[in-house]
1. So what J values fall out for region 29-45 if you push phi through Karplus, 6.51 cos²θ - 1.76 cosθ + 1.60 with θ = phi - 60°, rounded to Hz, Gly and Pro as x?
2. Give me the aspartates and glutamates in straight-line cross-link reach of LYS17: C-alpha distance below 17 Å, same-chain residues under 8 apart excluded.
3. Hey, for a label at ASP41 modelled as a point 7 Å past Cα toward Cβ, could you say which residues of region 47-80 have their backbone N under 17 Å away?
4. Quick check: at a probe of 1.4 Å, how many percent of the accessible area of the chain sits on carbon and sulfur atoms?
5. By its C-alpha gyration tensor, with a ≥ b ≥ c as the square roots of the eigenvalues, how is the chain shaped: rounded for a/c under 1.5, else prolate for a/b larger than b/c, else oblate?
6. Among the lysines, which have Cα under 24 Å from the Cα of LYS23 when same-chain residues fewer than 8 positions away are ignored?
7. Describe numerically, in nm with one decimal, the distance between label points set 7 Å from Cα along Cα→Cβ at ASN60 and at LYS33.
8. Using modelled amide H (1.01 Å from N, peptide plane; none on Pro or chain starts), what sits under 5 Å from the amide H of LYS9, excluding residues fewer than 5 places away?
Amino acid sequence: MSNIIVYSKNNCVYCDKAKALLKGLGLKFEEKKMESFDSVDDMIKDIGKRVRSMPQIKINDELIGGYNQLIEHFVNEGKVDYQGNIK
């Protein structure tokens, strides 16, 4: 069982795509919205690295990256194709 955290923000198309992909794969995740942090610095501390875009996804405490990196992660596991279509 994977521990998945999705850092997202309001009105973010790629955040919505990442969450939809995870749901489509039947994976549970915790969502942490940028707007719920007291400051951007607090969010960056929680992520563990300065990032420039949303979403950011951690799986088992490893920062995977954004939506495209999430697709690559699951391509490598054989769960999706390069367009993000579930196999």
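The values are calculated or read from the model by the stated rules, or taken from the named source; none is laboratory data. Owing to the predicted nature of the structure, the values given are computational and were not obtained by experimental measurement. Cβ atoms come from the backbone with ideal geometry, glycine included; neighbour counts cover every protein chain shown. Note: areas computed on protein heavy atoms with side chains; ligands, DNA, RNA excluded. Shrake-Rupley method; radii C 1.70, N 1.55, O 1.52, S 1.80 Å.
1. Karplus-based 3J(HN,Hα) across region 29-45 equals 8, 9, 9, 10, 7, 3, 5, 8, 7, 5, 8, 4, 4, 5, 5, 4, 4 Hz.
2. Straight-line reach from LYS17, under 17 Å: GLU30, GLU31, GLU72, ASP81.
3. Within reach of a label on ASP41: 47-51.
4. That share works out to 44 percent.
5. The shape class here is prolate.
6. LYS9, LYS32, LYS33, LYS58, LYS79, LYS87
7. Taking the two extended label points, one gets 3.1 nm.
8. MET34
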